[in-house]
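Worksheet: one structure, shown below.
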Amino acid sequence: MTVKDWFKQRKEMQIARRTQETPVDDSIGKLWVKCYSCDAQLLRKDVEENLEVCPKCGYHFRINARTRIHQLFDEGSFQELFGNITTADPLEFTDTEAYKKRIVQAKAKTNMNEAVVSGVGKIEGHEVAAAVMDFEFMGGSMGSVVGEKVTLAMEEALKRKIPMIAITASGGARMQESILSLMQMAKTSCAVAKLNEAGLLYITVLTEPTFGGVTASFATLGDIIIAEQDARIGFAGRRVIEQTIRQNLPADFQTANYLMKFGQIDMISSRADLKSTIAKLISLHTK
Amino acid sequence: MAILEFEKPLYEIEEKIKELKKISESSGMDVSDQVELFEKQALEYKNELYSNLTPAQRLQIARHSERPTFLDYVKLMTTDFIELHGDREGTDDRAIIGGVAKMGDQNVMIIGTQKGKSTKENLIYNFGMPQPQGYRKALRLFYHANKFNMPIVTLIDTPGAYPGIKAEETAQGTAIAVNLREMAKLGVPIIAVITGEGCSGGALGLAVADKVLMLEHSYYTVISPEGCASILWRDASKAGVAAEALKITSEDLLGLEIIDGIVKEPLGGAHNDYEMIGKNLQEAILKSINELKGTAPDKLKEERYNKFRRMGVFCQ
């Protein structure tokens, strides 16, 4: 390599770094991770032991559904339900790649069936039905399977007369299922209507990130809406809004604090407090 | 009338026929046989053209600048319309308009998204893109209709709920979500019609209905083909391909059992004959209302729930 090449390569790397979107790489197995917020070099093990929160600055890393369930439910109490429901490709959708292939890749990458895990479990002894979304599986997008499993979890709550907890992490609708994914918004929201009419407590926890069709349906319909610290939550994406209005957006736009300021959520919870907060809320709503 | 790109050959034939007639008038030559032949050919061509439109071409008809708007339909289909303004919380969003009216002999609550036909009008109506306050106004009118046992008719023609700072600050997502949930609780018949663009949650926020109808050339989708193309193909010019892949036409959605019926449009689209589309749509809406009118509120709700409960395709 000539000196000229070396400079060229360095320049290209610098450009690439600048133009990349916020890199959120939570892949396990690395010994060291870098905090996206404070840039500290952290031992993977330390982060893990701290509920995937940066021990230096308190930044909350994204976590997948399995980790969430492990953190939130009493040990061994969570029982997955409806895991047999899997993705079809009703529209035989192909963009730059076939939807079928994308599903195969997502399954391999995440070792999950789909972008949500439904089931029943206990939180400090309280039995609840739950739907826990996973952003790693195709951006947590809501297609037929996600809509169905969320609805089934709510129907399970109705059947057992127990509270329902939804933990959201989603970029929005699954475009590859087009209108069928839009209808999942209606389906899940109608199921919330049933929970309301039965007088059952429905708590939603909005985690990083929650957007689009999930925000505009079951996520924001909780009797109590909790946003996890550092979550970004909104309807339209930042880029879409910037392109529409042609102005720069405030730095705290669509953060949990921003939503709190505008009265859209009941509270912000740190990951460490989440379990006890939910347990307290349930017991305060139980006769 | 604005001519769409793919309509140009047809327009040229029609111009030639006009020219021929003019020549024959001025010269006294009898060319009626030729004119008749040309007119027959033009009609054949027209029929063929409009029955073989691609989704991208139909998209252009759905977005035609002279397509009837909500207020046109109100004028065409109802009498005694009285607009009910405002969300009672500080705003009267103009992108969603609603009020009470008589359709045939039937009192109805009619609500819809309003687009403009000129830039000036579009600035007033925000291009048919509602703010959260528009959805909240609609919700207030839903409750009103429920209280006075009035069927609800919603007409939808929107490129989507408005993506803006104020909209996010005042909870666009929540406003739509609440409508979806509350529409499930109403005990009166709800008829929703996609009259032009039915884009995403912004359309669905008025469409959790017992009967969902579409005008022949309207489209209904989770995301605009342009938006989909720029995200999945990373190329907005692939909108035509995305329009195919997304299955957005009225026939596609009837096939997928998402909608309950298609209302036929005049040849070439609704803008060619306001009277006719008004009559066709009114007939379809009144037919749906009559089918549902006798149903007990609880049964109505249950059937509405089951209708949306069934939607979705997966393996088990």
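Here is the list for segment A:34-97: GluC sites (Glu not before Pro) lying in DSSP coil, each with at most 16 other C-beta atoms within 10 angstrom of its C-beta, are A:GLU75, A:GLU92, A:GLU97.
The HN-Hα couplings worked out from phi for segment B:149-157 by the Karplus form 6.51 cos²θ - 1.76 cosθ + 1.60 (θ = phi - 60°) are 6, 10, x, 10, 10, 10, 10, 10, 8 Hz, whole numbers, x standing for Gly and Pro. Looking only at A:ALA256, A:ALA130, A:ALA88, which one moves most when chain A is put into a Gaussian network model with springs between Cα atoms under 10 Å? Per the Cα network of chain A with a 10 Å cutoff, A:ALA88 tops the list. Note on chain A: with a GNM built from Cα contacts shorter than 10 Å, the maximum mean-square fluctuation among A:ASN196, A:ASN64, A:ASN257 falls on A:ASN196. Each part gets one Cα centre, and for segment B:192-246 versus segment A:73-100 those centres are 24 Å apart. The mean count of C-beta atoms from other chains within 10 Å of the C-beta of residues in A:231-241, rounded to a whole number, is 5. Placing unit charges on each Cβ (+1 for Lys and Arg, -1 for Asp and Glu) gives chain B a dipole about its Cα centre, and among B:MET214, B:MET29, B:ALA171 the Cα reaching farthest toward its positive end belongs to B:ALA171. Across peptide B:219-227, the mean count of Cβ atoms from other chains lying within 10 Å of each residue's own Cβ comes to 4. When chain B is treated as a GNM with alpha-carbon contacts under 10 Å, the residue of B:GLN133, B:GLN34, B:GLN114 showing the greatest mean-square fluctuation is B:GLN34. Under 1.5 on a/c is rounded, so check that first for segment B:59-308, then, if it is not, pick prolate when a/b is larger than b/c and oblate when it is not; a ≥ b ≥ c are the square roots of the alpha carbon gyration tensor eigenvalues. The shape class here is rounded. Under a 5 Å amide H cut-off, with hydrogens placed 1.01 Å from N, B:ILE194 pairs with B:ILE156, B:LEU213, B:MET214, B:LEU215 among residues at least 5 apart or on other chains. Decide, for segment B:177-316, between rounded, prolate and oblate: order the square roots of the alpha carbon gyration tensor eigenvalues as a ≥ b ≥ c, take rounded if a/c falls under 1.5, and otherwise choose prolate if a/b is larger than b/c, else oblate. Oblate. Here's how it looks for A:ASP89: its modeled amide H is under 5 Å from none belonging to a residue 5 or more places away or on a different chain. Residue by residue along A:261-268, Cβ atoms of other protein chains within 10 Å of the local Cβ number 2 on average. Tell me, how many Å apart are the Cα centres for segment B:94-166 and for segment A:170-201? Measuring centre to centre over Cα atoms gives 22 Å. Neighbour counts of other Cβ atoms within 10 Å put A:GLU127, B:GLU83 in the fewest-to-most order B:GLU83, A:GLU127. Using a cut-off of 29 Å between Cα atoms, the listed pairs A:LYS159/B:LYS137; A:LYS275/B:LYS301; B:LYS120/B:LYS211; A:LYS100/B:LYS247; A:LYS122/A:LYS194; B:LYS102/B:LYS147 include A:LYS159/B:LYS137; A:LYS275/B:LYS301; B:LYS120/B:LYS211 as exceeding that distance. Taking every DSSP bridge with both residues inside the protein assembly as shown, close to 45 percent are antiparallel. Going from the fewest other Cβ atoms within 10 Å to the most, the residues A:ILE103, B:ILE285 appear in the order A:ILE103, B:ILE285. Taking other C-beta atoms within 10 angstrom as a stand-in for reagent exposure, A:LEU182, B:LEU232 fall in the order B:LEU232, A:LEU182, fewest first. Within the same chain, aspartates and glutamates fewer than 8 places from B:LYS238 are excluded, and of the rest, those with a Cα less than 15 Å from its Cα are A:ASP95, A:GLU97, B:GLU226.
Less than 5 angstrom separates the built amide H of B:VAL153 from those of B:MET109, B:ILE110, B:ILE111, B:ILE191, all sequence-distant by 5 or more or on a different chain. Could you tell me whether segment A:63-284 comes out rounded, prolate or oblate from its Cα gyration tensor? Rule is a ≥ b ≥ c as square roots of the eigenvalues, rounded for a/c under 1.5, then prolate if a/b exceeds b/c, otherwise oblate. Judged from the Cα gyration tensor, segment A:63-284 comes out oblate (a/c at least 1.5, b/c at or above a/b). With axes computed from alpha carbons, what is the tilt in degrees of helix A:99-110 against the longest principal axis of chain A, rounded to the nearest 10 within 0 to 90? Relative to chain A, helix A:99-110 is tipped by roughly 90 degrees. Compared with the dominant principal axis of the Cα atoms in chain A, helix A:144-160 is inclined by about 30°.
Throughout, read-outs are computed from the coordinates displayed, never taken from laboratory work. Everything numeric here is computed off the predicted structure, so don't read it as measured data. All Cβ positions, glycine included, derive from the backbone under ideal geometry; neighbour counts span all protein chains shown.
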